[in-house]
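What follows is one structure encoded as structure tokens, with my remarks underneath.
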């Protein structure tokens, strides 16, 4: 039997704690068609359909879930996959000024269980990202920002 000196054990403690902390923030992407992914998309659909005044589906570029938080980057589309004509929305002036990207991002939090999510922050049409700021501001897991 090998006895490890206490000093050596204490030297390894920070590495152990970092490993445990990273494991606690495991990130996963819900599979297409899963109940979790459907619940996230349904929560996100509410503000976007209200904003665009039409039904939408989402082409997902990034979807990450950690603990009870999720981040998503996406492109809204018409049901069936067609492009939305943003010149027929309140984004018309931004489109004409070439100051519009048809992408969105959102930070969501689980609201009572894995099949219920709420949108904490979202934005659409911007040419930059606020995701890192939102993750810090709302104390969401830093692992979502990687």
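Quick notes on this one:
- Candidate set from the stretch 63-74 (those that are under 8 Å from the mean Cα position of the chain (by Cα) and farther than 16 Å from residue 101 by Cβ); member that is surrounded by the most Cβ atoms within 10 Å (Cβ to Cβ): 70
- The stretch 124-137 - residue that is surrounded by fewer than 16 Cβ atoms within 10 Å (Cβ to Cβ), in contact (Cβ under 8 Å) with a residue 12 or more places away in the chain and under 13 Å from the mean Cα position of the chain (by Cα) and, of those, farthest from residue 56 (Cα to Cα): 132
- Any hit, the stretch 44-62, residues being surrounded by 15 or more Cβ atoms within 10 Å (Cβ to Cβ) and in contact with a helix residue (DSSP H, G or I) (Cβ under 7 Å, 6 or more places away or on another chain): yes
- In the stretch 84-110, residue surrounded by the most Cβ atoms within 10 Å (Cβ to Cβ) [restricted to those that are farther than 13 Å from residue 52 by Cβ, without any contact (Cβ under 8 Å) to a residue 40 or more places away in the chain and touching a strand residue (DSSP E or B) at 6+ places or on another chain (Cβ under 8 Å)]: 107
- Selection of first residues in the stretch 47-72 that are at positive phi and in contact (Cβ under 8 Å) with a residue 40 or more places away in the chain and of second residues that are part of a strand (DSSP E or B) and crowded, with 17+ Cβ neighbours inside 10 Å, restricted to Cβ pairs under 9 Å at least 6 apart or on distinct chains, gives the following pairs, ordered by first then second residue: 67/110.
Laboratory data are not the source of any read-out in this text; all were calculated from the coordinates shown. Just so we're clear, the structure is a prediction, and the values are computed from it rather than from any experiment. Positions of Cβ are backbone-derived with ideal geometry, glycine not excepted, and every protein chain shown enters the neighbour counts.
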